[in-house]
Amino acid sequence: MSTLLTILLASYLLGGLLPLCVPGRPHLQNLLAHGCAAGAGVVGIALGLAGLLAADPLTGSFSSNIPYLTFAFRLDPLAAFFVLTISLVGLAASIYALGYVGEFSGRVSLTLLGSLLNGFLLSMTLVVLADNGFFFLILWEAMSLLSYVLVVTEHEKPGVREAGLFYLIMTHVGTAFIILTFLIFFQETGSFSFDSFRHPDQRLPEGLRSIAFFTALIGFGAKAGIVPLHVWLPYAHPAAPSHVSALMSGVMIKTAIYALIRVYFDFLDGEFPWWWGFTVLVIGAVSALLGVMYALMEHDLKSLLAYHSVENIGIILLGIGAGMIFHTYGLHELAALGLLAGLYHTINHAAFKALLFLGAGALQFATHTRNIEEYGGLLRRMPWTGAFFLIGAVSIAALPPTNGFVSEWLVFQSLFLSFQLPTLFLKLILPIAAAMLALTGALALACFAKAFGMSFLAQPRSSHARHATEVPVSMRIGMGLLAGACVVLGLAPMLVVPLLDRITGPLTGVAISSKVLALDGWVVAPVTVEFSSISTPVLAALLVGAGALGLLFARMMGKPLRARYYKTWGCGLNLTPRMEYTATGFAQPIKQVFETIYQPTVKLETEFLEQSKYFIKHQRFEFHIEPLFEKYLYTPVVTFLLAIADRLRIIQAGSLHLYLTYIFVTLVLLLLWAG
Amino acid sequence: MPVSTYLGSQLVDLCSVLLLLCCFAIVAQRRLSACVDLFALQSAFLAATAALVAFLTGHRHIYFAAALTIVIKVIVLPRILRKVIERLNVSRELGMNVNIPAGLLICGVLVIVAFFITQPIIPLGYLLTRDSLAIALAIILIGFFTMIARQKAITQMVGFLVMENGVFLGATAAAYGMPLIVELGVFFDVLVAGLIVGIYTHRLQDAFDSVDTSTLTVLKE
């Protein structure tokens, strides 16, 4: 395993450095950077699997001259699982990038883009491997900064710079809280090593544990994108190049999930108060619902996907939160189930969200726009992209038999099993969370019916879409890989669950793989088969079988099938794109229903002909929804900070002499004080 | 203490005091060219002090530093500054942030402060130059004060160079000079600073028709 790890790190390093060594040869640079990243991805998948199957965690450490800092790493099953996830998406994204970066050629330095991508992947991989708080923070910061630099790749566009700055501020606010978390542990244990966090000499006082819980939740939550810290996602994800968005949304925000599990189940293990799990559960439910609701109103495809990341982080946290509640009450099997559901959804979301972002990138590559309203009819022009996007859409909408369905179903089951809890309050709350999840699922389905339908079906609504062509083969391979992963993860839970069980086993103390997989793994059940069970292979077989049976039935009973080619019926008119259902129109009913949350502003300006007001010359329709969190939470904070900064500006007079005087007075005072 | 050492120590003190006097003269001088000349004179005294210390202690490398001081601070930098003054056609400092009598009084206070601060440290020293430490600190503070009190970029440069002289004297006083490589680096820095200020005043003149650094406030948003 250590050989694999060395090869993995070396490939990323080579991928980062080699492109810089061959200046002036963009094709070779592209090949080197993304080839190394893809190679590292393959090695990383192997390493992840090996780490999951290994009996003992792989550890190692290099000391340093800096106090408290040791370059310690530890590949336990939890870390191995995230290495696997990162490598899977990294592999697909780097193959995809081979063709995709052509989009940027001439505008940005491809050398830098390729080499930074390797650095970003390396930092993410190391973040989950780090076994020392100090080391972790350095890597976490490297990951944040590298992703920031990648977000502002197209910095000549003004919106991109603002998005980057917003992201930078949010992630640093988060980092501040993470530092606080580690300092709390450090203060009690006197060391930054994760081992001492794990086994402190004496248990941390209850109050401090709760403070650590909250600082970790805020710190890592800002990165994960939980409501209300999610506001940076819809800005940063669309601004970045699509393969970077895929990585950021697919895996970077997952490192926060990793860290949360690490802190809660590893460092703070033992009994949580019930309200810890409850808090995580509520945040998860709210994030899931609000994420999907805002996604529905987005017509920028990548913003839409960014909001879905908020939703899916919410679903993951629902599983983890339920697991924490069960853990509190000693229901270890159910705790393992909740955690397992959350982790399963983590890798599933990584696969399908990265796939969808790559798909969105392909659409942008072909049409040069991200606005869904300007798409249409792309399925005929880009069949491969369309098919892959459909697989991603079906997965994220949690339709059987895809992977999103399996994990969301497991989350549902763990929430329903709350009747085993001893307190009435939680018995009531968990099903409510399940109901919110159900609503979320339905809205996600609506959202992707919109996203897929408006993008790929009917006629093109703009000349961009009319002239779109299929994307290069490397981009299709990248998407195809992830589409394959979505199908495999969905159809083969019997392969995935035992692996996940090796993570949740040590964390919760029980192995549940044999109970979750009934009938030799063909059926998935939430610990108790009697309660409910489901089998995706059978479902898939049923779906295919029903289709085939229907066709067969039609053949046998009806007249012989004859293909007839004719124009679509259009009431005697010629069909034009203007007759189509628009994305705005599609989302309209939902906007009406949830008016209190969206607070939409609709503006309709009509200009009539001078001669008669029965004929319209111009009509302008505008609508936007109120960004609640920005308006009521962020704007006041920013206004307050600016007001303070304005006060402080008095001392910043811009006068050279004044500044010199500040230095002089400080110097003399310090000298006097020291003397 | 042998007579020769005593005498040497007194001589070093004398030279240091001459340096300090030059500072006061610079603070009291309105004419820019005279300020530059006084700086050159101060640097010459500094070189003399350094050479004296080198002679008394036998540290050869201080001779080298003294020679560099003569070349750079007595010859090259004053020449650059005079050229700048000629080109800009400003000969006098008219407006000042602190007027001359008040400035002299403040400088007096600064000297007292410097002696007060170094009081506890000096008896700990064993070098024959140890008394110069207080004077060196006073020169640094006065140089700094000159930068604050004057508005023309050139006098600010002179103030900066005076500070540098103070640092050099302090280093010689406290530790018989810094390692040669450090000295070389510092000389290079000073030279570069001189060149930069030359260019910077030129630009300032172009942009604001004056070398008054107070006009820089308009750059604030």
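The values are calculated or read from the model by the stated rules, or taken from the named source; none is laboratory data. Note that the coordinates shown come from a computational prediction; the quantities given were computed from them, not determined experimentally. Cβ sites come from the backbone with ideal geometry, for glycine too, and all protein chains shown count toward neighbours.
Quick notes on this structure:
- For the stretch A:460-480, the criterion of being in contact with a strand residue (DSSP E or B) (Cβ under 7 Å, 6 or more places away or on another chain), crowded, with 18+ Cβ neighbours inside 10 Å and in contact (Cβ under 8 Å) with a residue 60 or more places away in the chain is met by no residue.
Table: residues versus (1) touching a Leu at 6+ places or on another chain (Cβ under 6 Å); (2) free of Cβ contacts under 8 Å to residues at least 24 places away in the same chain; (3) among the aromatic types (F, W, Y).
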residue	(1), (2), (3)
A:A38	yes, no, no
A:G41	yes, no, no
A:A54	no, no, no
A:L58	yes, no, no
A:N65	no, yes, no
A:Y68	no, no, yes
A:L75	yes, no, no
A:T85	no, no, no
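- Of all the listed residues (A:G330, A:G376), the sole one being free of Cβ contacts under 8 Å to residues at least 12 places away in the same chain, more than 21 Å from the chain's Cα centre (by Cα) and not in a helix (DSSP H, G or I) is A:G330.
- Test: A:A674 is more than 30 Å from A:A451 (Cα to Cα), at pLDDT below 85 and within 14 Å of another protein chain (Cβ to nearest Cβ): yes
- So A:I45, is it crowded, with 24+ Cβ neighbours inside 10 Å, closer than 23 Å to A:L358 by Cβ and of a type in the set (A, V, I, L, M): no
- Filter pass, A:V638 being surrounded by 11 or more Cβ atoms within 10 Å (Cβ to Cβ) and either touching a residue at least 40 places away in the same chain (Cβ under 8 Å) or away from chain B (no Cβ under 12 Å) (or both): yes
- Matching residues in the stretch B:139-176 - criterion: being under 22 Å from B:A44 (Cβ atoms), hydrophobic (A, V, I, L, M, F, W, C), in contact with a Ser or Thr (Cβ under 9 Å, 6 or more places away or on another chain) and crowded, with 24+ Cβ neighbours inside 10 Å: B:I139, B:M157, B:V158, B:L161, B:V162, B:F168, B:L169, B:A173
- Total residues in the stretch A:649-663, condition surrounded by fewer than 17 Cβ atoms within 10 Å (Cβ to Cβ) and either facing chain B (nearest Cβ under 7 Å) or in contact with an Asp or Glu (Cβ under 8 Å, 6 or more places away or on another chain) (or both): 3
- Out of B:A34, B:A48, B:A67, B:A44, sole residue that is of a type outside the set (K, R) and over 24 Å from B:E183 (Cα atoms): B:A34
- Residues of the stretch A:379-398 classified as free of Cβ contacts under 8 Å to residues at least 60 places away in the same chain and surrounded by fewer than 20 Cβ atoms within 10 Å (Cβ to Cβ), total: 1
- If you check A:I178, A:I184, A:I261 for being more than 30 Å from A:L305 (Cβ to Cβ) and part of a helix (DSSP H, G or I), only one passes: A:I184.
- Applying the condition of being in contact (Cβ under 8 Å) with a residue 60 or more places away in the chain and in a helix (DSSP H, G or I) to the stretch A:531-556 and asking which residue is nearest to A:S414 (Cα to Cα) yields A:T536.
- From the options B:A102, B:A136, B:A40, B:A149, residue that is of a type in the set (G, A, S), in contact with a His (Cβ under 9 Å, 6 or more places away or on another chain) and within 30 Å of A:L658 (Cα to Cα): B:A149
- In the stretch B:77-121, of all residues being among the β-branched types (V, I, T) and part of a loop (DSSP other than H, G, I, E, B), the one that is surrounded by the most Cβ atoms within 10 Å (Cβ to Cβ) corresponds to B:V90.
- The residue list A:T385, A:T423, A:T402, A:T440 contains one member that is more than 21 Å from the chain's Cα centre (by Cα) and β-branched (V, I, T), which is A:T423.
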